[in-house]
Amino acid sequence: MEQRISNATKRFIEQRPNRKFWLWQTGFWLFVSMTSFFTLTLWYGPYSWPHILHIVLQATFGLVLSLVLYVTFMGMWDKSILYRSLVGLASVMLVSFVWTLSRLQIFLWLTADPNGWEQLGGWHFASIFIFLCWTGLFHGIRYYDLLQTEHIIMLQAESDAREEQIKRMKAQSVARDAQLKMLRYQLNPHFLCNTLNAINSLVEARESDKAQSMTVQLSKFLRHSLDNNPDTKISLENEVKALNLYLEIEKTRFEDRLKLDFNIETEARLALVPSLLLQPIIENSMKHAIAKSETGGTISLHAKVFEGQLILQLSDTGSGNKIGKSKVQSSNGRGVGLRNTDERLKALYQHNYHVGINILPSGGLKTTITLPCEYHTDQHPVTFLATEHLA
């Protein structure tokens, strides 16, 4: 019941803000009237109708005079505290004196008390005390309203800032997704072109079975590439299985010239890596090592977990020609794939990763990627078949 009354009062005030002023004004002077009746009229007697009428009239006139104080206080609200204190005190003394004279005169008219003016000092003291209480109540409510207004403004500003931050985060997320997709698919056109040329060569050589098999493999790889978001993290085991889709195509092209050496430690199999992280690096090895070597070569992948870090080492045996560090980092060499991988990892891990490049004595390239070792909390170990399949 009390809650319903409180809610109804709140709605009543919110509809028109000035209603709050009249509510506390009426309540204050009603309180003064009730206090005067119970502590003075009933105590000293007699409590006849003239005395009751006097209480009502003095409260009404006091309410009118408090409006004068209200206008005065609001008019000098922006002044200094010293100015407001001096002028406010003088206004209270003046208004209380006027109220004392008026209510005492009304009392004499109604009761014909011959000794009324002798009580002027006591009546004036009570008037000063009442208007000082009114002044304190006014300033208390005024500062409370200002505090509430500032609080609402602060909450609105925080809400706007939070909404702006959410919008900015969404924009950054969209931009990051676009960046990741661009980086991931930048090498795909070259791979697709080579694969389609290989299929065309098989068709011209009337090897329809191999051409059909290679087309199916290409379809599976492209489907997997399109179905997985670039910022999605999957287990290394599933990443290697996806890599098989790509390598099956390349094995059809290079046959016995392509050899694979995969060694994935058990602890690293369920560690999470970005989807299709390894494919651009392997594609670089296919393009710059296996394809350029008459005898082909070997691509190696070793993975292990050490001190909470997932360490991926990818290497190839090279094309038989020595390469320099500058050519590795150039845009005409292997730099595109390595740079894309580095930028993609930076977008996902900020600075909590490392990519190292080393040139092997054979002329091949060794790429070492170090990532934080992460696992799905609800994922359980499964049988790992990628090494046996690629051996």
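The values are calculated or read from the model by the stated rules, or taken from the named source; none is laboratory data. Every value quoted in this text rests on a predicted model; they were computed, and no experiment measured them. No Cβ is skipped: glycine too gets one built from the backbone with ideal geometry, and neighbour counts run over all protein chains shown. Protein only, heavy atoms only, side chains kept; ligands, DNA and RNA dropped before computing areas. Shrake-Rupley method; radii C 1.70, N 1.55, O 1.52, S 1.80 Å.
Tabulated values for the structure
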quantity	calculated
Peptides 73-86, 272-285 ordered by average Cβ neighbours within 10 Å, highest first	272-285, 73-86
Inter-site label distance for E204 and I359 at 7 Å from Cα along Cβ, in nm	3.5 nm
Extended-chain gain in nm, criterion 0.36 nm per residue less alpha-carbon gap, E163 and M93	20.0 nm
Rounded to whole Hz, the Karplus (6.51, -1.76, 1.60) HN-Hα couplings of the range 95-103, x for glycine and proline	5, 5, 5, 4, 5, 4, 4, 5, 6
Additional length obtainable on full extension of the chain from S85 to K292, 0.36 nm per residue less Cα span	65.2 nm
Greater than 24 Å apart at Cα, pairs in K292/K366; K220/K292; K241/K287	K220/K292
Sulfur and carbon atoms: percent of accessible area, the range 24-140 [1.4 Å]	76 percent
Residue-wise HN-Hα coupling along the range 346-354, computed from phi with Karplus coefficients 6.51, -1.76, 1.60 (Hz; x: Gly, Pro)	5, 5, 8, 10, 6, 10, 8, 7, 8
Mean Cβ neighbour count within 10 Å, used as a protection proxy, ranking 237-250, 144-157, 350-363 highest first	237-250, 350-363, 144-157
Computed accessible area, R339, all protein chains, 1.4 angstrom probe, square angstrom	100 Å²
